[in-house]
1. Hey, could you check region 13-44 for residues that are β-branched (Val, Ile, Thr) and either part of a loop (DSSP other than H, G, I, E, B) or more than 17 Å from Ala83 (Cα to Cα) (or both) and say which is farthest from the chain's Cα centre (by Cα)?
2. In region 26-63, what count of residues is obtained for those that are among the hydroxyl-bearing types (Ser, Thr, Tyr) and open to solvent by 80 Å² or more (accessible area, probe 1.4 Å)?
3. Can you report the number of residues in region 45-65 which are in a helix (DSSP H, G or I) and β-branched (Val, Ile, Thr)?
4. Could you grab me the full set of residues in region 68-87 that are in contact (Cβ under 8 Å) with a residue 12 or more places away in the chain and within 13 Å of Phe5 (Cα to Cα)?
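The values are calculated or read from the model by the stated rules, or taken from the named source; none is laboratory data. This structure is a prediction, so every number in the text was calculated from the model and none was measured. Ideal geometry is used to build each Cβ from the backbone, glycine not excepted, and the neighbour counts take in all protein chains shown. Just so you know, the surface numbers come from the protein's heavy atoms only, side chains and all, with ligands and any DNA or RNA stripped out. Shrake-Rupley method; radii C 1.70, N 1.55, O 1.52, S 1.80 Å.
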Amino acid sequence: MGKAFKLLLFYIIYIAIMLLIDKMAPSGPCTPGPGFFLFILFIPISVLLLLQDFFAYLKDPIRSKLNPVLITVFVWLVFYILAYFKVF
């Protein structure tokens, strides 16, 4: 398996677990649930992965090292669009 596939699989599993836990123990207005904490933890994880993949691409600019960068950007765009239309 390539790095891009592993990264995409990680994002799919992490987001599925985050949404599942949020449905099992929903957040309230004054008490954030575990799904909220997983989302807050998602931000630094994805930023660190993006920086790692971006610097790996700068070090050796081949197409296979650009794909993980594009996947991370795509995931954040999907999150923005879903939040804008209030899907979850």
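1. Among them, the one singled out is Thr31.
2. Adding up the residues that qualify gives 1.
3. The number of residues fulfilling the criteria is 2.
4. Pro68, Val69, Ile71, Thr72 - these are the residues of region 68-87 that are in contact (Cβ under 8 Å) with a residue 12 or more places away in the chain and within 13 Å of Phe5 (Cα to Cα).
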